[in-house]
Amino acid sequence: MSIKLGKDISDTVRLDDTSRSLAFRSESTNTDEQIAALKSENEVLKRKIDDNELKSRQQIVTLQTQLQDEKQQREKVEKRAEREKETAKKEREKNMDIAKKLQNEEDLENKLHQTETEKRKVEQELRYEIEKKNEAIERAEEAEMNEKEEIELRRKTQLEKDEIIIGNEQMKMDYERNKQKLEEEIEKRREFQAKYLAQIEEKEKAKKVAIEEIAKRQQIEKELRSEKEEKENAVVRTQAAEAENIELKKKRNKEKNEKQIQTEELEKEKKKVEKEKEKQKEEENKRKEAETQKLQLQGEVQLARMKQKFGEKNVEDEIKSIENIEKEKDEEIQRLKESNKNKDEELMINKEELRKNKDELRRKDEELQRLKRKADEAEQRIRRLEQEKEQEKQEKEKNEAELKKLNEKPIIAIINPDPTDFEFSDVDGIMKMITKKQTKYNTISLTKVLEDGIWQLETEFNNSHNAYAAIGIVRDSYNIPADAFPAWDPHTQNMAVFIGKGWSTPQIYYKGSGTFEMSGFGDNQILRLEFDSKKGTLFLFVDNTQQELYISGIKEKVRFIIYMYHAGSQCTIRSLKKLFAPTSGHVANEKSVQW
């Protein structure tokens, strides 16, 4: 009985132990399931928190940009007001200067008038001196000879100036022709480059893409032909305008010569009139002296005779008649003085016209000098253009050799920070396919350092949940660790990415903030990044369409990067090549993000 009881007790103990172990095992499985559920909920909450943080940062950035725009507008308005004040102040100062100049001109005219009156007095005194008169005539003849020689020299210089002007016009036309030839050569070079790039793309792409490229290239060639025709028409119009300008300049030169001849003739007439006037005054003085002497003698003789013959009364009547005759003579003299005065006024008018003609000649000389300087500058520009053309030719040959050397063999090599997550495979011996094995954050970079020239990376995402991915650049000095997420610090301070539609709203994310307003990309679309080290820019093309957002101000060495999250996501690197010339341009609503 006791032995059976012991067995029963041991059996019950064993049963209790097995039931406890089963309960413990069921509880452990439940806790494992709860832990897994909590982990999944934790990941979902973590993603929501990340999305909320991203949205809040984006809202902060938009508010900051709005405040910055308002501040810039306010500063622009203040600067415009200051500029308007400065312009008004300058106009007032200019008006004051003009008033002072006018006052100075009036003072000069008064001084000229005084000197003219003094000159007349001196001339009246000189007319009575015969010896000085002869010397003045000799000096006048010498001056006339010198003036003739000066006129001859002036004509020769004018002819030389005209020849220089014609030569300058010819040089200008030659410069325009050389410029046109240079533009045509540049246009041909662009066409050749477009064809060259099209041929390379034809080799790399499938038949469907090649057909689309051919159609686009034909459209571009058509546009280029239309632009070329427009340029040729513009050249024809400019040549016609130049011919009209040359004809107008010839007419102007002819008018200038005619005016010069007129001024010379006026000066001669003036001198003749002055000489005649001097002769008339001298003759008049002599005649007056002779007449006065004659009249005195005749008067004395007649008075004596009359007194003897007729008596004193009749003599007084005769004297009155003689006085009347003298009065008439005085009136005649007064009329002659008035006519001389009119001639003096005509001489003043002619003198003013001569002064105006001299001013016109001076202005035309200044214009000639300005045209000469322009011709020299044009010649220097032609020389510079020829040197630049030669440099471009050498640079083109060098770049073509480099491109040929680079594109002969594939240069795609990748830095893989997490070999357990990424798998690489070659496609056609040229392209590379990157396959993600785990669902987690990870970023890879290409080994090629972008530092000189224009580099282009062409990729395509597949099975990435509508491009829950990103592509961009990273500083060459930054080593990307495993599990790197481009939106987290410190990675976001060193890399900038274009975000796909599956991750978030299409944007550029850099330094913890996003910039929106771009079309974006998804799966099965050909993406093309174009980095220009000279301009410091990074552009994105989606199916050959340039996006509105781009990165600018990149003045350091960088590398291309690719980010993916979901397991099974694929990214095909179609090509990495160096370009001879950029394919990017300006698009509507474009906006840059400063690096």
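The values are calculated or read from the model by the stated rules, or taken from the named source; none is laboratory data. All figures in this text were calculated on a predicted structure; none of them were measured in a lab. Backbone-built Cβ (ideal geometry, glycine too); neighbour counts: all protein chains shown.
Beta carbons closer than 6 Å, at least 6 apart along the sequence or on distinct chains, pair a first residue in segment 43-66 that is farther than 13 Å from residue 488 by Cβ and of a type in the set (Val, Ile, Thr) with a second that is at pLDDT 70 or above and surrounded by 10 or more Cβ atoms within 10 Å (Cβ to Cβ) for 61/513.
Yes/no matrix, rows are residues, columns are (1) in contact (Cβ under 8 Å) with a residue 24 or more places away in the chain; (2) among the aliphatic types (A, V, I, L, M); (3) assigned by TED's automatic domain parsing to the domain that holds residue 158; (4) within 18 Å of residue 281 (Cβ to Cβ):
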position	(1), (2), (3), (4)
328	no, no, yes, no
331	no, no, yes, no
337	no, no, yes, yes
341	no, no, yes, yes
347	yes, yes, yes, yes
352	no, no, yes, no
355	no, no, yes, no
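Tell me, yes or no, whether segment 450-458 has at least one residue that is surrounded by fewer than 18 Cβ atoms within 10 Å (Cβ to Cβ) and either more than 42 Å from the chain's Cα centre (by Cα) or over 30 Å from residue 398 (Cα atoms) (or both). No.
Tally up the residues in segment 481-493 that are out of contact with any helix residue (DSSP H, G or I) (no Cβ under 7 Å at 6 or more places or on another chain) and either among the hydroxyl-bearing types (Ser, Thr, Tyr) or buried (at least 20 other Cβ atoms within 10 Å of the Cβ) (or both), please. Let's see the steps before the verdict.
First pass over segment 481-493, keeping only residues out of contact with any helix residue (DSSP H, G or I) (no Cβ under 7 Å at 6 or more places or on another chain): 481-483, 488-493.
Subset that is either among the hydroxyl-bearing types (Ser, Thr, Tyr) or buried (at least 20 other Cβ atoms within 10 Å of the Cβ) (or both): 491-492.
Count: 2.
Scanning segment 487-521 for residues that are within 21 Å of residue 555 (Cβ to Cβ) and in contact with a Gly (Cβ under 9 Å, 6 or more places away or on another chain) yields 492, 493, 495, 496, 497, 498, 508, 509, 510.
Residue-by-condition table, conditions (1) in contact with a Pro (Cβ under 9 Å, 6 or more places away or on another chain); (2) in contact (Cβ under 8 Å) with a residue 12 or more places away in the chain:
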residue	(1), (2)
420	no, yes
423	no, yes
428	no, no
435	no, yes
443	yes, yes
453	no, yes
456	no, yes
468	no, yes
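One residue stands out among those in segment 420-461 that are modelled with pLDDT of 90 or more, of a type outside the set (Ser, Thr, Tyr) and not in a strand (DSSP E or B): the one that is nearest to residue 555 (Cα to Cα), which is 449.
Please work out which residue is farthest from residue 520 (Cα to Cα), limiting yourself to segment 412-449 and to residues that are of a type in the set (Lys, Arg) and within 48 Å of the chain's Cα centre (by Cα).
Restricting attention to segment 412-449, the residues satisfying the condition of being of a type in the set (Lys, Arg) are 432, 436-437, 440, 448.
Subset that is within 48 Å of the chain's Cα centre (by Cα): 432, 448.
Numbers: 432: 23, 448: 26 Å.
My answer is 448.
The set of residues in segment 543-570 being surrounded by 19 or more Cβ atoms within 10 Å (Cβ to Cβ) and among the β-branched types (Val, Ile, Thr) consists of 551, 554, 558, 561, 562. Tallying residues that are surrounded by 19 or more Cβ atoms within 10 Å (Cβ to Cβ), in a loop (DSSP other than H, G, I, E, B) and either modelled with pLDDT of 90 or more or of a type in the set (A, V, I, L, M, F, W, C) (or both) within segment 507-533 yields 3.
For (1) among the hydroxyl-bearing types (Ser, Thr, Tyr); (2) farther than 28 Å from residue 504 by Cβ; (3) modelled with pLDDT under 70, each residue gets a yes or a no:
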{"position": "13", "(1), (2), (3)": "no, yes, yes"}
{"position": "17", "(1), (2), (3)": "no, yes, yes"}
{"position": "33", "(1), (2), (3)": "no, yes, no"}
{"position": "50", "(1), (2), (3)": "no, no, no"}
{"position": "54", "(1), (2), (3)": "no, no, no"}
{"position": "77", "(1), (2), (3)": "no, yes, no"}
